[in-house]
1. Can you tell me how segment 95-214 classifies by the Cα gyration tensor, rounded, prolate or oblate, using a/c under 1.5 as the rounded cut?
2. Rounded to the nearest 10 Å², what accessible area does residue 194 show when all protein chains are kept and the probe is 1.4 Å?
3. Subtract the Cα-Cα distance of residue 289 and residue 46 from 0.36 nm times their separation in residues, and report this length gain in nm to one decimal.
4. Please work out whether segment 301-368 counts as rounded, prolate or oblate from its C-alpha gyration tensor, where a ≥ b ≥ c are the square roots of the eigenvalues and a/c under 1.5 means rounded, while otherwise a/b larger than b/c means prolate and anything else oblate?
5. Leaving out ligands and nucleic acids, and using a 1.4 Å probe, what accessible area per residue does segment 11-76 come to in Å²?
6. Ordered by residue, what ³J(HN,Hα) values in Hz, to whole numbers, does segment 172-183 give under the Karplus form 6.51 cos²θ - 1.76 cosθ + 1.60, where θ = phi - 60° and Gly and Pro are x?
7. First compute the accessible area of segment 1-128 with a 1.4 Å probe, then give the percent of it belonging to carbon and sulfur atoms.
8. Run the simple label-point estimate for residue 198 and residue 179 please: 7 Å along Cα→C-beta, distance reported in nm.
Amino acid sequence: MSTPTVTVDRSDLPVIVIGAGPVGLAAAAHLLERGLDPLVLEAGDDVGSAVRAWSHVRLFSPWRYNLDAAAVRLLEPTGWTRPKPTGLPTGGDLVVQYLAPLAAVPTLAPRIRTGERVIAISRAGMDKTHNHERSDRPFLVRTQASNGMVVDYQAQAVIDASGTWGQSNPLGAAGLPAIGEAEAGDHLSGPLPDVLGADRARFAGRRVLVVGAGHSATNTLLDLVALAEQDPGTVITWAVRGASVARTFGGGDRDGLPARGALGSRLRTAVEADRVELLTEVTITALEMSGDAVAVATSSPTGDRRLSADVVVAATGFRPDLAMLRELRLDLDPGVEAPRRLAPLIDPEFHSCGTVPAHGADVLAHPDTDFFIVGMKSYGRAPTFLLATGYEQVRSIAAALAGDAAAAADVQLDLPETGVCSSAPPMISADGSLDINESASAGCCAEPADAEPVSIGFPTGLAHGRAGEREARVGRCRDVAGHPCR
């Protein structure tokens, strides 16, 4: 049976933005500037709900790379005080000093609806098998509130900035949960626990297993080391899947950010001092309850081993939730799960956040016209996203939706030479805040004498991706005959 033709003036409908985080609110700001009507749907009870979950974590990137230009233009007439450009904000700072004031701007506030989780997106009156005049149909966006109420909205376009927070990769190998992983949930921690703050009681004096080799794992480990100094009963084990932790320790031109290199240097010191037990080439095969603890079955080239832990921190990265997009026509890379044209630019095999070029509406487009995935979610399983990149994405998309093809195509990214944040070390300024001293120069692994430990969950990555890590390992390692290790 053919689908009857339905003529709808989509221009009277809003552009729905999913997610009221930094990129989602930036998208709304750019849409307003372009004369379009945004409707922001946020699953959490307040804006920036995902950022609030890691409010204790400090970013590497200073404020000037974390503010969107259109958002700032909305804020300035309200008397908003702009943060010091060189300051390094925590997630809490990002919410209190930027996202919350932005969401309160009178022209934007009525367009934000919190407590509404998007559960499905389709085209009004047709499923994904129908193509005739598909682009003429408005989008249908279905939400569910915390009280169970389901509401359908129509939209002329949809920008999915829902992120990947809450969609952690499993502990098990092959992309699958380890046997018993779900049943051990009470002993599992999220990727960025507040070890020295709100979650302290859960970790103090406990046996903790941290799994992962990114900067989320690094900061959790360093916080645990600090906790163990105060409570020596805290025992720390660190398990990674790779044969090397060179990416985590950093060094040389493989880590162009000194503050990040300092983290790696501190962690290396802790490992070498046996304050952290490091296990490499570990595959977690099963988790089993053992009294009040969890027994973690592992395998490695040196044999099988069972680890006993009170808490397991799964700092294993994230993946996008694609279930709500099932009725849309998408063009995603089968491996990275990012838009197909973007995937080669961000593939973690070869790239880090410092090597990803600016990109906009054309790269992020899908067969379902006027649907875009932006922000962290647009990177799929790649861990290399930067806020500045997301801001440029939505600027380009807003221009495209407004019919300004030239502005949409003119994508640029204003980042320092490292492509990450800053090439200078952090310092404590006179007012007690942590800043980047941009006039200073230091080797990447030199930790300034007055440096405060800097926590970060995002971004991660290696200057040349995983391939660079393998090359680094081969370059350093020699077998008994003097040949490079492989």
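The values are calculated or read from the model by the stated rules, or taken from the named source; none is laboratory data. In this text the structure is predicted, and so the values were computed from the model without any measurement. Cβ: placed from backbone, ideal geometry, glycine included. Neighbour counts: every protein chain shown. Each accessible area value is taken on the protein alone, full model and side chains, heavy atoms only, with ligands, DNA and RNA left out. Shrake-Rupley method; radii C 1.70, N 1.55, O 1.52, S 1.80 Å.
1. On the way: a/c = 2.84, a/b = 1.58, b/c = 1.80.
It is oblate, given that a/c is not under 1.5 and a/b is not larger than b/c.
2. Roll a 1.4 Å probe over it and residue 194 shows about 40 Å².
3. On the way: separation 243, 0.36 × 243 = 87.48 nm, distance 3.60 nm.
Working it through step by step, the gained length comes to 83.9 nm.
4. Prolate.
5. About 30 Å² of surface per residue is accessible.
6. Per residue, the Karplus-derived 3J(HN,Hα) values read x, 7, 6, x, 10, x, 5, 4, x, 5, 5, 5 Hz.
7. Numbers: 2700 of 5200 Å².
The computed percentage sits at 52.
8. 3.6 nm
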